[in-house]
Amino acid sequence: MKDRKTTHFGYQEVPVEEKAGRVAEVFHSVAARYDMMNDLMSGGIHRLWKRFTIELSGARPGQTILDIAGGTGDLTARFARIVGSEGQVVLADINESMLRVGRDRLLDRGIAGNVVPVQADAQYLPFADDTFDCITIAFGLRNVTDKDLALSSMLRVLKPGGRLLVLEFSKPESKLLEKIYDQYSFRVLPFMGKLVTNDADSYRYLAESIRMHPDQETLKQMLSDAGFVDCEYHNMTGGIVALHKGIKP
C-alpha cells in the first residue's frame, strides 16, 4: 500500500483518500437492515461462523475484548455475557450508523454496563498499548483501506499472549463451488439487496470487495508480517469463509 495513490473499491480503482468515504456510504445505506440481509444472504449460517469465532477466542470472565467492525453487535453480545461484570467489551465501528444500530440493539436486549461503543478506525485504534486480551474483526477487514496498517494497530493494542481473530469471506476450496458462489454473489445478492433495502449497488460492492480480499494463505502471511505468531486459519463452508488466528508474542 505504501506510496500508492489509488486503492480498490470493489473492482474500481479510486484515490486512497476516497475509499473510507465510499465504504461509509455503503454501510450508512444498509445499516438498518444489515442483520436481516446477513440472514438472507447466508441462510443463517453466519451465526455458526460467529459461534466458532467465540469458541476459538478462549474468552473468559474478567477479560477485556475489542470487537472491531462490530456493526450490529452480534459478537459483542456474546462476549459481554462471557466476560461478565468484571470484564469489558468495546464495540468499535468506523461507521456511525452501524454503531448506533448495534448500541440500540444491545440496549434492547438488556446488555449494558460492560459494553462501551467507540467510533474508531481500525488503522488508527485509539487505545493504549497492551490493552486487550482478545480482538475480533468479523467481515470488516476487507473494507479497510490499508490492511497492513490495521493489523499493526491491532497488534499494538493487544496484550502479550492476546489473540487476534479475523473472520472474513475468502476463497472457495473447489472450482465448482467457486463457480456457484460467483453466480450467487453477482446475480442473486444485488437482486436481494434491491428487493430488501432498495440498494443493489451496495451489495454489488460487497460481492466485489470479497473477490479483492487476500486469500487464505496471503492473509496468514500478512498476519505473520505484522508480527503475530502461531498464525493459522480454519476454512468454513468450503472456504467461502475463513477464520484466521494470530497471537501477540
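The values are calculated or read from the model by the stated rules, or taken from the named source; none is laboratory data. Since this is a predicted model, take the numbers as computed values, not measurements. With ideal geometry, Cβ positions are generated from the backbone for all residues, glycine too; neighbour counts draw on all protein chains shown. Note: areas computed on protein heavy atoms with side chains; ligands, DNA, RNA excluded. Shrake-Rupley method; radii C 1.70, N 1.55, O 1.52, S 1.80 Å.
Can you pull out every residue in segment 154-199 that is open to solvent by 20 Å² or more (accessible area, probe 1.4 Å) and polar (S, T, N, Q)?
Residues satisfying the conditions are Ser174, Gln183, Thr197, Asn198.
Tally the residues that are modelled with pLDDT of 95 or more and assigned to a helix (DSSP H, G or I), restricting the search to segment 142-158.
Residues in segment 142-158 being modelled with pLDDT of 95 or more and assigned to a helix (DSSP H, G or I): 11 in total.
Has segment 227-236 got any residue that is assigned to a helix (DSSP H, G or I) and touching an Asp or Glu at 6+ places or on another chain (Cβ under 7 Å)?
No, segment 227-236 contains no residue that is assigned to a helix (DSSP H, G or I) and touching an Asp or Glu at 6+ places or on another chain (Cβ under 7 Å).
Restricting to segment 73-86, name every residue that is assigned to a loop (DSSP other than H, G, I, E, B) and open to solvent by less than 10 Å² (accessible area, probe 1.4 Å).
Once the filter is applied, which keeps residues that are assigned to a loop (DSSP other than H, G, I, E, B) and open to solvent by less than 10 Å² (accessible area, probe 1.4 Å), segment 73-86 yields only Gly73.
Scan segment 150-176 and report the pairs whose first residue is within 20 Å of Leu75 (Cβ to Cβ) and whose second residue is of a type in the set (Lys, Arg) and part of a strand (DSSP E or B), with Cβ atoms within less than 9 Å and a gap of 6+ or a chain change.
Matching pairs, first to second residue: Arg163/Lys245; Leu164/Lys245; Leu165/Lys245; Val166/Lys245.
Go through segment 38-60 and report how many residues are hydroxyl-bearing (Ser, Thr, Tyr) and either under 24 Å from Val90 (Cα atoms) or surrounded by 17 or more Cβ atoms within 10 Å (Cβ to Cβ) (or both).
So the answer is 2.
Report, by residue number, each residue of segment 98-115 that is surrounded by fewer than 17 Cβ atoms within 10 Å (Cβ to Cβ) and either touching a residue at least 60 places away in the same chain (Cβ under 8 Å) or within 18 Å of the chain's Cα centre (by Cα) (or both).
Arg100
On the basis of being aromatic (Phe, Trp, Tyr), farther than 19 Å from Met98 by Cα, part of a loop (DSSP other than H, G, I, E, B) and open to solvent by 20 Å² or more (accessible area, probe 1.4 Å), does Phe127 make the cut?
yes
Could you pull out the residue among Leu75, Leu48 that is modelled with pLDDT of 90 or more and closer than 19 Å to Asp121 by Cα?
When all the criteria are applied, what remains is Leu75.
Does any residue in segment 213-227 that is under 17 Å from Leu167 (Cβ atoms) come within less than 6 Å, Cβ to Cβ, of a residue that is open to solvent by 70 Å² or more (accessible area, probe 1.4 Å) and among the basic types (Lys, Arg) six or more places away or on a different chain, and which pairs are these?
Going by the 6 Å Cβ cut-off, the qualifying pairs are Asp215/Lys171.
Under 6 Å between Cβ atoms, which residue pairs at least 6 apart in sequence (or on different chains) link something in segment 193-205 that is farther than 16 Å from Gly21 by Cα with a partner that is part of a helix (DSSP H, G or I) and modelled with pLDDT of 80 or more?
What qualifies is Ala200/Pro190; Ala200/Lys194; Tyr203/Leu189; Tyr203/Pro190; Arg204/Pro190.
Taking Glu232 as the residue in question, decide whether it is within 20 Å of Gly140 (Cα to Cα), surrounded by fewer than 20 Cβ atoms within 10 Å (Cβ to Cβ), free of Cβ contacts under 8 Å to residues at least 40 places away in the same chain and not polar (S, T, N, Q).
Answer is yes for this residue.
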